[in-house]
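Beneath this line is the structure, given in structure tokens, with notes to follow.
The values are calculated or read from the model by the stated rules, or taken from the named source; none is laboratory data. Only a predicted model underlies this, so the values are computations on that prediction, with no experimental measurement involved. The area values use the complete protein model at the heavy-atom level, side chains included, leaving out ligands, DNA and RNA. Shrake-Rupley method; radii C 1.70, N 1.55, O 1.52, S 1.80 Å.
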Amino acid sequence: MKHQLEKFIPQASVSQVIKLLKHDSLLVKIKSERKTRHGDYKALPKGKHQITVNSNLNPYRFLITLIHEIAHFEAYQQYGRFIKPHGIEWKRTFQHLMLPFLNPNIFPNELLPLLAKHFRNPKASSDSDVYLALALKQFDEPNDKTYIFEIPLGSKFKLYNGKVFQMGQKRVKRYECLEVKTGRLFLFNPNAEVELLN
């Protein structure tokens, strides 16, 4: 497991992560990209547990996602299976597990203030924290995607699933976009990555 993880997380975090994963009943699988999630956790039959993390994540997002999923496992072990998936028990566990990693040996200095703010009250997805998500994306492999907030008003764009939208006005935090085929209105976070159409 150590050699497998070394390719995906910051080098300085490897030994700490290995300590967290020393559970005979916990299996970690690295998956190919899934558009709807970065990772997941589930309890399996016979007291086994499984964590999956997408292989295409940059090292910092991979580490955050892995600790997020380990926090689900730890919260399940400590509080039982009837807690809310992203309730207070999970939040406290996630904060506790993540704290030793929040240092400049592991994360770049420009991420640390954003991570500190995020972990005061962690959300179900780091993508819902727009500023953190945008900061993390600068470490991704270059691609041909455009952020929603960069799309000109009235322009059309396409999602990974092929659906085409027309850019609308910004509400308080999110952007109104009209699905061209159905005429339905959707709200997008500013950090959503889309393909701008000519």
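Both radii were evaluated on the Cα set of region 62-139; the Rg over Rh quotient, with Rh as the Kirkwood radius, amounts to 0.97. Computed on the chain, with alpha-carbon pairs under 8 angstrom and 6+ residues apart, the relative contact order is 14 percent. Within the full protein context, the accessible area of residue 20 is estimated at about 30 Å² for a probe radius of 1.4 Å. The angle between the Cα long axis of helix 59-79 and the main principal axis of the chain comes to about 60°, on a 0 to 90 degree scale.
To the nearest 10, the accessible area of residue 61 is 10 Å² with a 1.4 Å probe. Accessible area ranking (1.4 Å probe, heavy atoms, ligands and nucleic acids excluded), largest first, for 62, 188: 188, 62. When 195, 141 are compared by accessible surface with a 1.4 Å probe, the order from highest to lowest is 141, 195.
In terms of accessible area, using a 1.4 Å probe and ignoring ligands and nucleic acids, 79, 160 rank largest first as 160, 79. Derived scalar couplings between HN and Hα for region 168-182 equal x, 6, 8, 8, 4, 10, 10, 10, 7, 9, 9, 6, 4, 5, 9 Hz in order, rounded to whole Hz, by the Karplus curve 6.51 cos²θ - 1.76 cosθ + 1.60 (θ = phi - 60°), x for Gly and Pro. Using a ≥ b ≥ c from the Cα gyration tensor of region 1-87 (square roots of the eigenvalues), is it rounded, prolate or oblate, where a/c under 1.5 gives rounded and otherwise the larger of a/b and b/c decides, a/b for prolate? Judged from the Cα gyration tensor, region 1-87 comes out prolate (a/c at least 1.5, a/b above b/c). In the complete set of protein chains, residue-level accessible area for residue 37 is approximately 110 Å², probe 1.4 angstrom. Take the chain, drop everything but the C-alpha atoms, weight them equally and run the Debye formula without solvent; then report log10 I(q)/I(0) at 0.13, 0.14 Å⁻¹ to two decimals. Result of the Debye calculation: -0.78, -0.88. Per residue, region 6-126 exposes 54 Å² of accessible surface when a 1.4 Å probe is rolled over the protein heavy atoms with every protein chain present. Computed over protein heavy atoms with a 1.4 Å probe, the carbon and sulfur contribution to the accessible area of region 53-195 reaches 51%.
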